[in-house]
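Enquirer: Below you'll find the structure I mean.
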Amino acid sequence: MNKRIMLFDYDYENDILFLHLAKDYNYNFSEFLDKSIVIDFNENKVPIGFEILNASKVFKSKKFLLNNINQGSINLMISERDIELKIDLLVEIHEKLTFVPINIVGNNDLNIPNFASEIAIASA
């Protein structure tokens, strides 16, 4: 399983959470996992970033909490049939760190090669 680090940026006004690899990779294409989650891939069909539209709704959280992301983790599993994405964000609520999770499963319609990765999320 690959272990990598992603950085995050939250656009409060548009409620979009951007997660991208700390190292620069050549972007090639994007695929919607569902109506709110986009996965960016490089030329080798390796995931290099995520955009989460309507992030506060996806995480069932208040927008201001997504401004207080401390760290998190991403688990991505791609099989011949499915793409499963689990994200756990650690946010500060009333000076206490609390996990805010999502778990989304979508179809692997583009036949992305099998892939498994555990990715840490860190602030820039």
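The values are calculated or read from the model by the stated rules, or taken from the named source; none is laboratory data. Note that the structure is a prediction, hence the values are computed from the model and not measured. Here Cβ is always computed from backbone atoms with ideal geometry, including for glycine, and neighbour counts include all displayed protein chains.
Enquirer: Which members of the range 88-120 meet the condition of being aliphatic (A, V, I, L, M) and either free of Cβ contacts under 8 Å to residues at least 60 places away in the same chain or farther than 13 Å from L19 by Cβ (or both)?
Expert: Within the range 88-120, L89, L90, V91, I93, L97, V100, I102, I104, V105, L110, I112, A116 meet the criteria.
Enquirer: In addition: Closer than 20 Å to A120 by Cβ and without any contact (Cβ under 8 Å) to a residue 24 or more places away in the chain, is that true of N26?
Expert: No: the conditions fail for N26.
Enquirer: Could you grab me the full set of residues in the range 19-51 that are under 18 Å from L89 (Cβ atoms) and of a type in the set (V, I, T)?
Expert: I37, V38, I39 - these are the residues of the range 19-51 that are under 18 Å from L89 (Cβ atoms) and of a type in the set (V, I, T).
Enquirer: Hey, N111 hits all of (1) modelled with pLDDT under 95; (2) touching a strand residue (DSSP E or B) at 6+ places or on another chain (Cβ under 6 Å) but one; which does it fall short on?
Expert: Among (1) modelled with pLDDT under 95; (2) touching a strand residue (DSSP E or B) at 6+ places or on another chain (Cβ under 6 Å), the lone unmet condition for N111 is (2).
Enquirer: Being assigned to a strand (DSSP E or B) and either surrounded by 14 or more Cβ atoms within 10 Å (Cβ to Cβ) or without any contact (Cβ under 8 Å) to a residue 60 or more places away in the chain (or both) is the filter here; which residues of the range 1-23 pass it?
Expert: Of everything in the range 1-23, those that are assigned to a strand (DSSP E or B) and either surrounded by 14 or more Cβ atoms within 10 Å (Cβ to Cβ) or without any contact (Cβ under 8 Å) to a residue 60 or more places away in the chain (or both) turn out to be R4, M6, L7, F8, Y10, D11, I16, L17, F18, L19, H20, L21.
Enquirer: Also: So in the range 35-67, with the set limited to residues that are exposed (fewer than 14 other Cβ atoms within 10 Å of the Cβ) and either under 18 Å from E118 (Cβ atoms) or of a type in the set (S, T, N, Q) (or both), which one is nearest to the chain's Cα centre (by Cα)?
Expert: N67
Enquirer: Please state which of the following conditions F32 fails to meet, knowing it meets all the rest: (1) under 24 Å from I5 (Cβ atoms); (2) surrounded by 13 or more Cβ atoms within 10 Å (Cβ to Cβ); (3) of a type in the set (A, V, I, L, M, F, W, C).
Expert: (1)
Enquirer: Identify, by number, the condition in (1) touching a residue at least 40 places away in the same chain (Cβ under 8 Å); (2) in contact with a helix residue (DSSP H, G or I) (Cβ under 8 Å, 6 or more places away or on another chain); (3) among the polar types (S, T, N, Q) that S123 doesn't meet.
Expert: (2)
Enquirer: Looking at the range 75-82, can you tell me whether even one residue there is more than 22 Å from R4 (Cα to Cα) and among the polar types (S, T, N, Q)?
Expert: No, every residue in the range 75-82 fails to be more than 22 Å from R4 (Cα to Cα) and among the polar types (S, T, N, Q).
Enquirer: Then there is this: Sort out which residues of the range 83-104 are exposed (fewer than 13 other Cβ atoms within 10 Å of the Cβ) and closer than 18 Å to I37 by Cα, and write them in order of number.
Expert: Selection gives P101, N103.
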